[in-house]
Number of protein chains: 2
Amino acid sequence: MKKSDVVSAILSERQTALPRHSSAQAFAPSNIALCKYWGKRDQELNLPVTSSFSISLGNKGATTELSLSDQDRVYLNDEKINLESAFGKRLLAFLNLFRVNHDLHFVIKTQTNIPVGAGLASSACGFASLTRALNNLFGWELQEHELSIFARLGSGSACRSLWQGFVEWHAGLQENGMDSYGERIAAEWPELRIGLLILSEKEKKISSRDAMQRTVTTSPLYSAWPAKVSHDLSKLKQAVQSKDFILLGETAESNAMTMHATMLSAWPTVCYFLPETISAMQVIWKLREEGLMIFFTQDAGPNLKLLFLEKDRDAVQKYFPGIEVVDPYCKSKNA
Amino acid sequence: MKKSDVVSAILSERQTALPRHSSAQAFAPSNIALCKYWGKRDQELNLPVTSSFSISLGNKGATTELSLSDQDRVYLNDEKINLESAFGKRLLAFLNLFRVNHDLHFVIKTQTNIPVGAGLASSACGFASLTRALNNLFGWELQEHELSIFARLGSGSACRSLWQGFVEWHAGLQENGMDSYGERIAAEWPELRIGLLILSEKEKKISSRDAMQRTVTTSPLYSAWPAKVSHDLSKLKQAVQSKDFILLGETAESNAMTMHATMLSAWPTVCYFLPETISAMQVIWKLREEGLMIFFTQDAGPNLKLLFLEKDRDAVQKYFPGIEVVDPYCKSKNA
């Protein structure tokens, strides 16, 4: 199955329609998975082996301005992207899915307020904001789950980045992925905070895409991952419904460590731990022993995302003065 | 099955015999597993879930002097051990297996030339040297595999610490563990070197015994470990037979990372990585990228054991000036 078939199926008669506007823009929040997306069952369509579960990063994310032009141009944080680069080609391939004729070109200007390529889901919010901007430009008026499917074609976890709050990405069973999309969970949890602990803003040596593929292909432990996810997903949903913060934190931290465990057992080893990452974990474990309810999660990068409640914010910031505290429900002015 | 039943079965009529000497001593080398022992199928008898494979640390290990006395006294590196402590009780329980009457008491003086409790198999060489010393004191003249079984009753990996060179610990199938012992592999590899990279001499927070148990009980990935071991064991034997150093190094490093992966996925997480551990790994990976054939293994502690060949010794010491280089075949004066 090709991506273009999925787009045709969703847009059907609208596919040949020209854009309704000459420009559009949209914001999408970054998201962090509390239960990770780790492993694809379909490389082309970014279909996951398992479902996953995320929380948005409020007003941290990407804003994309899209306009029609005589040739394609892409700017990321005011820097022109070489369209012959790996990232440029990937973006063009995504755009080509929606180009109704050869003369239709786009200028894309994406601004992120998170570091790029450091495990803060920059490609997720990037593709999600681009998808919403395309929907606005063309005037498709797609349903939310359809937008989510489009975003997934750009980057898997982008399908979770369209909303504020908790989102479950249903793995789905269908080969065409029509049942594989993000769904917003109605529950609110206003006291929840995320602390971004940036330990390195360097681009990572191995992309999450490659790390995932190497893990699935070479880790002898990966076979045990889907059962772990299934277990953690139900615990997370229970935690959110009953506002059981310890259950949420323990499950998220354990899920992240287990994902990194699968990477460490890959060959060559995929290690996103920096010395600073371990130091920060040691502080967190010590604080928890002392009674402060703080947990962390870590994605395919060295940085940690701390999980805590607003009541403990001062205590957490005392030990991690450099963190940026995010309210997952904070609406951005662009949202 | 109890430990005392195993001892009775092996010593049979010799069990009531009094010691032939009033004192005896023995040395046993420490050993590092290239394929790890991680998980027990029998807690009482220290029977492992899988076989394992080790290399000795030459003249690094433990020397135990044993003598008859009117009361039990134990000295570890000249320090008197409290026999009410956990370690003291464990040692007494081991001694009780061989005490032919209530009036028989021992003074044990063990000297190690490796840090204790830092993942350098101090308890392995300690129990192995004590076992050899008991054999000498009582004049049992046991076969090597019988000595190995006795050593195992003290500490699992002690059963691999009785010889120089490569040793395979056969997991065995029998409930009484009579087929679970170490066996020396005849192959020699004089060019092989081990570099002890001591990053912390502090006693670890969680013993390997507890870490192992927590991993088996709580890690969702542990179920995939035995298949990994089985795969690695055959690769290591092949590497030793064909003197294929890269195969040896890659297999040992991958096996160690996978063991640590199972620990990281346990809950609460067992993490023996210090920031310094990660820094050292990063240096090793970089050197390897640059063509220097250096690998590492790591046990239940923060320190690394580097694996390289004598021809690369100077290059390795340039980057790790603090390491102690061990020749696994170097005979100690006490051996």
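The values are calculated or read from the model by the stated rules, or taken from the named source; none is laboratory data. Please read all numbers here as calculations on a predicted model, not as lab measurements. Methodologically, a virtual Cβ is constructed for each residue, glycine included, from the backbone with ideal geometry; neighbour enumeration extends over all protein chains shown.
A few notes on this one:
- When A:Arg99, A:Arg90, A:Arg73 are screened for being among the basic types (Lys, Arg) and within 19 Å of the chain's Cα centre (by Cα), only A:Arg90 passes.
- Conditions (1) in a loop (DSSP other than H, G, I, E, B); (2) at the interface with chain A (Cβ under 8 Å from one of its Cβ atoms); number of the one not met by B:Glu253: (1)
- In this entry, A:Ala227 passes the filter for residues that are within 14 Å of chain B (Cβ to nearest Cβ), surrounded by fewer than 20 Cβ atoms within 10 Å (Cβ to Cβ) and at negative phi.
- All positions within segment B:72-93 that are hydrophobic (A, V, I, L, M, F, W, C), assigned to a helix (DSSP H, G or I) and surrounded by 11 or more Cβ atoms within 10 Å (Cβ to Cβ): B:Phe87, B:Leu91, B:Leu92, B:Ala93
- Summed over segment B:62-79, the residues that are without any contact (Cβ under 8 Å) to a residue 40 or more places away in the chain and not polar (S, T, N, Q) give a count of 7.
- Test: residue in segment B:267-276 that is more than 9 Å from every other protein chain (Cβ to nearest Cβ), over 30 Å from B:Arg41 (Cα atoms) and out of contact with any helix residue (DSSP H, G or I) (no Cβ under 6 Å at 6 or more places or on another chain): no
- Hey, B:Leu264 surrounded by 23 or more Cβ atoms within 10 Å (Cβ to Cβ), within 8 Å of chain A (Cβ to nearest Cβ) and either of a type in the set (Ser, Thr, Tyr) or touching a helix residue (DSSP H, G or I) at 6+ places or on another chain (Cβ under 7 Å) (or both) or not: yes
- Flag for B:Thr297 being within 18 Å of B:Ile246 (Cβ to Cβ), among the hydroxyl-bearing types (Ser, Thr, Tyr) and not assigned by TED's automatic domain parsing to the domain that holds B:Ile32: yes
- In segment A:286-321, the residues that are of a type outside the set (A, V, I, L, M) and in a strand (DSSP E or B): A:Phe295, A:Phe296, A:Thr297, A:Gln298, A:Lys305, A:Phe308
- Residue tally, condition hydroxyl-bearing (Ser, Thr, Tyr) and under 19 Å from A:His170 (Cβ atoms), over segment A:226-254: 3
- Subset of segment B:102-124 (residues that are modelled with pLDDT of 95 or more and closer than 30 Å to B:Leu196 by Cα): B:Ile108, B:Lys109, B:Thr110, B:Gln111
- Residue within segment A:253-260 that is in the same structural domain as A:Asp210 (by TED's automatic domain parsing), more than 19 Å from A:Arg214 (Cβ to Cβ) and in contact (Cβ under 8 Å) with a residue 60 or more places away in the chain present: yes
- Selection count, segment A:186-212, where residues are assigned to a loop (DSSP other than H, G, I, E, B) and either within 16 Å of the chain's Cα centre (by Cα) or closer than 30 Å to A:Thr269 by Cβ (or both): 10
- B:Leu247 within 13 Å of chain A (Cβ to nearest Cβ), more than 15 Å from A:Leu264 (Cβ to Cβ), in contact with a Pro (Cβ under 8 Å, 6 or more places away or on another chain) and touching a residue at least 12 places away in the same chain (Cβ under 8 Å): no
- The C-beta contact set for segment A:136-161 (first residue in the same structural domain as A:Leu92 (by TED's automatic domain parsing), second residue assigned to a loop (DSSP other than H, G, I, E, B) and basic (Lys, Arg), distance under 7 angstrom, 6+ apart or interchain) comprises A:Phe138/A:Arg20; A:Gly139/A:Arg20.
- Among residues of segment A:277-318, those that are among the β-branched types (Val, Ile, Thr) and at the interface with chain B (Cβ under 10 Å from one of its Cβ atoms), counted: 2
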